[in-house]
Amino acid sequence: MLIRPKEGILDPQGEAVERALPALGFDGVANVHVGRMVELEVEDEHQIEPMCEKLLANPLVEDYEIQLIGSAETA
Amino acid sequence: MKFGVLQFPGSCDELDALRAASLVGEAELLWHGERDLRGADAIIVPGGFSYGDYLRAGAIARFSPAMESVIDFAREGGLVLGICNGFQVLCEARLLPGALLVNANRRFTFRQLRLEVVNADTHFTRACSPHQLLSIPAKHSWGRYYAAERTLQEMSERGQVVLRYAPGENFNGSLEDIAGVCNEAGNVFGLMPHPEHAVRELTGASTDGLLIFESMRAAVGSVVA
């Protein structure tokens, strides 16, 4: 799960990184956002969305994206 | 009248809250793992770093057994005060609207602040006069109050904005200078500053925080009477 601040919500961490990069010579950087990643193994992938809604993200202020990597059948 | 003060692993202001509450009534600590609120007439969710603030401040504490009981208690009209981390817990529990985000200055900040009492007609502020300025300290990293625009408008119309930072005091970037809010029913109140650290002249820069606890005692007294 990738969890990031919703668009339009002030992201002071992203702004600080955006200001730091040009100081190191990396120009042309814009729209930096810092979020977090949660990795887990789960038997029933249908549980992932309710997990995000209930605990892993705060849907009032954060968006989340789910990436499935492999499954029990293919492992 | 008895206050119950929750204690989570990582709480750090529960003893100050206990002492502040005991200046106006009885007060008892309630361990987070217990569902029994021991007959408390009002609940205080204190400041600190419950469960290490892992994931998001208040996100895990909100699911503790004691909080499940507090949610039922609040839905039945019981008085609940959340201070700092307690405010974050009450927002995560959806007992209060909105969320607390990282300070706009990204820094932990500790300051004695002036707060304006916007609504002096609540169970938590009735001992204050309208527009009174309270001197109360704040100390936090995640205190920027946020709610969607429409929510903010509804809250303002319903008198749910209880305290605002006075001009020049909003160091964390809270929307509309909001420092403390209550729910629609008016029985749940959360604020980022710490009234429990402003109750004695010896240890605080003012005793204005007592007004919050005195208001709660009077509110419980009037319900019981």
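The values are calculated or read from the model by the stated rules, or taken from the named source; none is laboratory data. Remember, predicted model here, so these are calculated numbers, not experimental data. Because the Cβ atoms are built from the backbone with ideal geometry, glycine has one as well, and the counts that use them run over all protein chains shown.
So A:E15 fits all but one of (1) surrounded by 13 or more Cβ atoms within 10 Å (Cβ to Cβ); (2) part of a loop (DSSP other than H, G, I, E, B); what number is the exception?
Here A:E15 meets the rest and fails (2).
Yes or no: B:P46 within 11 Å of the chain's Cα centre (by Cα) and not aliphatic (A, V, I, L, M)?
Details: within 11 Å of the chain's Cα centre (by Cα): yes; not aliphatic (A, V, I, L, M): yes.
So B:P46 fits the description; yes.
Scan the stretch B:29-38 and tell me whether some residue there is touching a strand residue (DSSP E or B) at 6+ places or on another chain (Cβ under 7 Å), in contact (Cβ under 8 Å) with a residue 40 or more places away in the chain and not polar (S, T, N, Q).
Step one: filter the stretch B:29-38 for residues touching a strand residue (DSSP E or B) at 6+ places or on another chain (Cβ under 7 Å), giving B:29-32, B:37-38.
Now drop any that are not in contact (Cβ under 8 Å) with a residue 40 or more places away in the chain, which leaves none.
No, the stretch B:29-38 contains no residue that is touching a strand residue (DSSP E or B) at 6+ places or on another chain (Cβ under 7 Å), in contact (Cβ under 8 Å) with a residue 40 or more places away in the chain and not polar (S, T, N, Q).
Looking for something within 14 Å of chain A (Cβ to nearest Cβ) and within 22 Å of A:R4 (Cα to Cα) - is there at least one such residue anywhere in the stretch B:77-86?
Quick first cut of the stretch B:77-86, residues within 14 Å of chain A (Cβ to nearest Cβ) only: none.
Looking for residues that are within 14 Å of chain A (Cβ to nearest Cβ) and within 22 Å of A:R4 (Cα to Cα), one finds none in the stretch B:77-86, hence no.
Hey, can you tell me all the residues within the stretch A:33-75 that are among the hydrophobic types (A, V, I, L, M, F, W, C) and either within 20 Å of B:E92 (Cα to Cα) or within 14 Å of another protein chain (Cβ to nearest Cβ) (or both)? Please lay out each step first, then the result.
Here is the first cut: in the stretch A:33-75, the ones among the hydrophobic types (A, V, I, L, M, F, W, C) are A:34, A:37-38, A:40, A:42, A:48, A:51-52, A:55-57, A:60-61, A:66, A:68-69, A:72, A:75.
Matches in the stretch A:33-75: A:V34, A:M37, A:V38, A:L40, A:I48, A:M51, A:C52, A:L55, A:L56, A:A57, A:L60, A:V61.
Considering only residues that are surrounded by 14 or more Cβ atoms within 10 Å (Cβ to Cβ) and either in a loop (DSSP other than H, G, I, E, B) or within 14 Å of chain A (Cβ to nearest Cβ) (or both), which ones fall in the stretch B:120-137?
Answer for the stretch B:120-137, where residues must be surrounded by 14 or more Cβ atoms within 10 Å (Cβ to Cβ) and either in a loop (DSSP other than H, G, I, E, B) or within 14 Å of chain A (Cβ to nearest Cβ) (or both): B:A120, B:T122, B:H123, B:F124, B:T125, B:R126, B:A127, B:C128, B:Q132.
Any idea which of A:E73, A:E7, A:E15, A:E39 is at pLDDT 95 or above and out of contact with any Phe, Trp or Tyr (no Cβ under 7 Å at 6 or more places or on another chain)? Reasoning before the result, please.
Numbers: A:E73 fails: at pLDDT 95 or above; A:E7 fails: at pLDDT 95 or above; A:E15 fails: at pLDDT 95 or above.
Selected residue: A:E39, the only one of A:E73, A:E7, A:E15, A:E39 that is at pLDDT 95 or above and out of contact with any Phe, Trp or Tyr (no Cβ under 7 Å at 6 or more places or on another chain).
So, of the residues in the stretch B:163-191 that are without any contact (Cβ under 8 Å) to a residue 40 or more places away in the chain and touching a helix residue (DSSP H, G or I) at 6+ places or on another chain (Cβ under 7 Å), which turns out to be surrounded by the fewest Cβ atoms within 10 Å (Cβ to Cβ)?
This residue is B:E176.
Which of the numbered conditions does B:Y51 fail, given that it passes all the others? Conditions: (1) among the hydroxyl-bearing types (S, T, Y); (2) within 21 Å of A:V34 (Cβ to Cβ); (3) touching a Pro at 6+ places or on another chain (Cβ under 8 Å).
Of everything listed in (1) among the hydroxyl-bearing types (S, T, Y); (2) within 21 Å of A:V34 (Cβ to Cβ); (3) touching a Pro at 6+ places or on another chain (Cβ under 8 Å), B:Y51 misses just condition (2).
Of the conditions (1) of a type in the set (A, V, I, L, M); (2) farther than 12 Å from B:L134 by Cα; (3) part of a helix (DSSP H, G or I), B:I212 fails just one. Which one is it?
(2)
Restricting attention to strands (runs of 3 or more DSSP E) lying wholly within the stretch B:1-89, give those where 3 or more residues are within 22 Å of B:Y146 (Cα to Cα).
Numbers: elements: B:2-7, B:26-31, B:42-45, B:79-83.
Output list reads B:79-83.
Pick from the stretch B:138-162 the residues that are in a strand (DSSP E or B) and not aromatic (F, W, Y): which of them is surrounded by the most Cβ atoms within 10 Å (Cβ to Cβ)?
First pass over the stretch B:138-162, keeping only residues in a strand (DSSP E or B): B:138-140, B:144-146, B:161-162.
Okay, now just the ones that are also not aromatic (F, W, Y), so B:138-140, B:144, B:161-162.
Working: B:A138: 23, B:K139: 16, B:H140: 23, B:R144: 24, B:V161: 20, B:V162: 27.
It comes out as B:V162.
Can you name every residue in the stretch B:43-76 that is within 14 Å of chain A (Cβ to nearest Cβ) and within 16 Å of B:W142 (Cβ to Cβ)?
B:Y51, B:D53, B:Y54, B:L55, B:R56, B:A57, B:G58, B:A59, B:I60, B:A61, B:R62
Quick test of your reading of the structure: B:L96 fulfils all but one of (1) of a type outside the set (K, R); (2) closer than 21 Å to A:K54 by Cα; (3) within 13 Å of the chain's Cα centre (by Cα); (4) more than 14 Å from every other protein chain (Cβ to nearest Cβ). Name the failing condition by number.
Against the list (1) of a type outside the set (K, R); (2) closer than 21 Å to A:K54 by Cα; (3) within 13 Å of the chain's Cα centre (by Cα); (4) more than 14 Å from every other protein chain (Cβ to nearest Cβ), B:L96 comes up short only on (4).
Counting only residues that are under 15 Å from B:I83 (Cβ atoms) and in contact with an Asp or Glu (Cβ under 8 Å, 6 or more places away or on another chain), which one in the stretch B:106-119 is surrounded by the fewest Cβ atoms within 10 Å (Cβ to Cβ)? Full working, then the answer.
So in the stretch B:106-119, the residues under 15 Å from B:I83 (Cβ atoms) come out as B:110, B:113, B:115.
When the remaining residues are screened for being in contact with an Asp or Glu (Cβ under 8 Å, 6 or more places away or on another chain), the result is B:113, B:115.
On the way: B:L113: 21, B:L115: 26.
So, considering only residues that are under 15 Å from B:I83 (Cβ atoms) and in contact with an Asp or Glu (Cβ under 8 Å, 6 or more places away or on another chain), the one surrounded by the fewest Cβ atoms within 10 Å (Cβ to Cβ) is B:L113.
Could you pull out the residue among B:E184, B:E214, B:E176 that is more than 16 Å from the chain's Cα centre (by Cα) and charged (D, E, K, R)? Even if it seems obvious, please write down each step before you answer.
On the way: B:E184 fails: more than 16 Å from the chain's Cα centre (by Cα); B:E214 fails: more than 16 Å from the chain's Cα centre (by Cα).
Going through B:E184, B:E214, B:E176 in turn, just one is more than 16 Å from the chain's Cα centre (by Cα) and charged (D, E, K, R): B:E176.
Quick one: count up the residues across the stretch B:99-119 that are more than 14 Å from chain A (Cβ to nearest Cβ), part of a strand (DSSP E or B) and either in contact (Cβ under 8 Å) with a residue 60 or more places away in the chain or of a type in the set (V, I, T) (or both).
Adding up the residues that qualify gives 5.
Quick check, is B:E176 under 28 Å from A:E7 (Cβ atoms) and assigned to a helix (DSSP H, G or I)?
On the way: under 28 Å from A:E7 (Cβ atoms): yes; assigned to a helix (DSSP H, G or I): yes.
For B:E176, the condition - under 28 Å from A:E7 (Cβ atoms) and assigned to a helix (DSSP H, G or I) - is met.
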